[in-house]
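Engineer: Below: one structure in structure tokens.
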Amino acid sequence: MSMKGSQKMRLLIAAGIAIVIALALGLGLGLGLKDSSSSAAETVPTYTLASNVQLDGLTSSSFTDEPKLAFRTGMATTLDVEVSAITITSVEDVVARRRRSLLAAGLKVNFEVEIVPAAGDTTDTITNVVAAVTTKVTSTPLATIITNLQTAFDAVVTSNAVVIVVTVTPPAPAVKTIVVVNGVTTTTTVCGTNERVSGGTCVACATGQSNKAGDNPSGADTLCDTTAPPPPPPSPPPPSPPPGTYCSANQRVSGGTCVDCASGTRRSAGDSASGADTTCSTVTCGVNQYVNFHACTSCAAGYINEAGTATSCLKCAANYRVLDGACVACASGDTNDAGDVIASGNSSCDTEGDTAGDTAGDTAGDTAGDTAGDD
């Protein structure tokens, strides 16, 4: 064979080898050279947890942008998440039924917490976070929730001081997963922490058992683990303030010393006496409350109030009347609409027979008139 022919043969062999290697790399056939990084990575879902907090005495009309930010800030502190992770989905006025009238009782704030996986997170990592947030929603003492919300409202709401009252523990959150694959978003309602699937619904695990969030109620029944996981670690305590003199609650700084706030105003504890002078904020109470020194107190039975800065309850409730500057109950069977103003003097209730008597009188008068007209 000539040298030229031999060189041509070598080129053909080299080209053939290159083709075989390319096929092996692209298809993973025969040579075991498939790139291990091409295996599908775990799809870790985003979780959303939905719950609510009822703020007694507040109304939706007063829950504007500043109070909403304050709520998100206070709940972020409570749940140990970023403020941006909390979204207020809706607010609704809650009313309490008393006899024949409806009275405003508070504001239910519905919110969601979004838990987004970071780079390197696994499903186990995220469900551990879901469990920690769920525990904080349902097990944080009301006093702690109130303190966190009050601190946030004092810092964010600049118009009037709002006194936070929470008397109902937030419910266990409803859980959803969000998965995005090839640009398609799929949202699924799933069971929460320590819940399992039974007959197409989510039920709580038995005492002493546990389960991670994420079981799909549209799938097969699932089981809980018999050994409960350890509780999530508590939130770290706040850092200690630097040495110095700090004002107590309802005190302000004036000329380097702490002085009491005037009645009807308030301020959170923590002002440094060595800092600039501070001011106390006006206490604004909710419906059926009144200002009592530096806080809001609920009206006694038989009294009602509009939201504001009044230092006493100014009107009588339904089926009460004014007598000598006080609200007293109507006699048995008598009625009265809510709203008699105490300052306007004594008022009366409608007796049980008033309506019947008026009707009878009107009927008799009409009959007599008609008879006279006919004559």
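Engineer: For residue 273, which sequence-distant residues (separation of 5 or more, or a different chain) have an amide H within less than 5 Å of its own amide H, given hydrogens modelled in the peptide plane?
Structural biologist: It is 245, 246, 247, by chain and number.
Engineer: May I ask you to evaluate 6.51 cos²θ - 1.76 cosθ + 1.60, the Karplus curve with θ = phi - 60°, for each residue of the range 141-149 and list the ³J(HN,Hα) values in order in whole Hz, giving x for glycine and proline?
Structural biologist: x, 4, 4, 5, 4, 4, 4, 5, 5
Engineer: Let me ask another. Distance in nm between label sites at residue 272 and residue 82, each 7 Å beyond Cα in the beta-carbon direction?
Structural biologist: Roughly 2.9 nm, to one decimal.
Engineer: Can you tell me the FRET efficiency between residue 346 and residue 93 if r is taken as the Cβ-Cβ distance and R0 is 25 Å, rounded to the nearest 0.05? Walk me through the numbers before you get to the answer.
Structural biologist: Working: r = 33 Å, r/R0 = 1.31.
Result of the calculation: an efficiency of 0.15.
Engineer: After finding the eigenvalues of the alpha carbon gyration tensor for the range 131-214, what semi-axes result from the square roots of 5 times each, listed largest first in whole Å? Write down the numbers at each step before the final one.
Structural biologist: Details: eigenvalues 218, 81, 18 Å².
Ellipsoid half-lengths, sorted descending, are 33, 20, 10 Å.
Engineer: Listed highest first by mean packing, meaning other Cβ atoms within 10 Å per residue, what order do 145-156, 67-78 come in? If you can, show how the numbers build up before the last one.
Structural biologist: Working: 145-156: 19.4, 67-78: 21.2.
Result, highest mean first: 67-78, 145-156.
Engineer: Using the Karplus curve 6.51 cos²θ - 1.76 cosθ + 1.60 with θ = phi - 60°, work out ³J(HN,Hα) for each residue of the range 108-121 in order, rounded to whole Hz, and write x for Gly and Pro.
Structural biologist: Once θ is set to phi - 60°, the couplings for the range 108-121 become 8, 9, 8, 9, 10, 10, 9, 10, 9, x, 8, 4, x, 6 Hz.
Engineer: Here is a further query. Whole number please: convex hull volume per residue, Cα atoms of the range 294-335, in Å³.
Structural biologist: Details: hull volume 2.8 nm³, N = 42.
It is 67 Å³ per residue.
Engineer: Continuing with the same structure: Which ³J(HN,Hα) values in Hz, rounded to whole numbers, follow from the phi angles of the range 326-333 under the Karplus curve 6.51 cos²θ - 1.76 cosθ + 1.60, where θ = phi - 60° and Gly and Pro get x?
Structural biologist: So the J values, rounded to whole Hz, are 9, 9, 10, 5, 5, 4, 4, x.
Engineer: Assuming 0.36 nm per residue, please report the length gained on full extension of the stretch residue 328 to residue 311 beyond their Cα-Cα distance.
Structural biologist: This chain segment gains 4.1 nm when fully extended.
Engineer: Using a/c under 1.5 as the rounded threshold, could you call the range 215-326 rounded, prolate or oblate? The axes a ≥ b ≥ c are square roots of the C-alpha gyration tensor eigenvalues, and prolate needs a/b larger than b/c, oblate otherwise.
Structural biologist: In terms of gyration-tensor shape, oblate.
FYI, it's all coordinate maths here, none of it is from the lab. Only a predicted model underlies this, so the values are computations on that prediction, with no experimental measurement involved. Quick reminder, even Gly has a Cβ in these numbers, built from the backbone with ideal geometry, and neighbours come from all protein chains shown.
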